Amino acid sequence: MDAARLIEDTRHGLARAGCPREIVAEAWQAQALAVAVGSHLLLYGPQELRAEARGLTEAGGRTWGAPDPMRRFMGARAARLSDVSEPRRALIALGMLLGEVGIALVAVASAAEVEGFYWQCIEVIDAVDESGDRVRGLLRQLEERELS
């Protein structure tokens, strides 16, 4: 399945999330998708994007230490990635998704009543922010590549 479709599915999942744990699970879905897109670009993308694609893969993988109940949600959508047919479009959509995830996680963390859950949210917020930075870096490199 193409990255753009999976990103859209994850945006819908985030919008449908009804409780804080579902929002965090969707954040992990987004991170797994960042790993998958980064890996695909690393393997099949232009040479000049590979270093930043590796960074996206590493940043997206920062949340793999999820608690056991959440692990079952991670990667389910991302595992279906078969193509990034339009890298620019996919990266723009992924960047938007990561921004939405970050906003949702800030709200969840602010309302967290359990300290451990609060810190779990903060960890995911940091990882999502780093992934967003990597996506912006990839978009800059694509723009520079097109201008040369």
| request: Give me SER148, SER110, SER131 ranked fewest to most by other Cβ atoms within 10 Å of their Cβ, as a rough exposure proxy. | output: SER148, SER110, SER131
| remark: Listing ASP133, ASP83 by rising number of other beta-carbon atoms within 10 angstrom, fewest first, gives ASP83, ASP133
| remark: Cα-based Rg then Dmax for the stretch 83-137, in Å, read 13.3, 43
| task | Treat the count of other C-beta atoms within 10 Å as a stand-in for reagent exposure and order HIS12, HIS40 from fewest to most. | result | HIS12, HIS40
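FYI, it's all coordinate maths here, none of it is from the lab. Treat the numbers as computed from the prediction; the structure is a model and nothing was measured. Note that we place each Cβ from the backbone using ideal geometry, even for glycine, and neighbour counts take in every protein chain shown.
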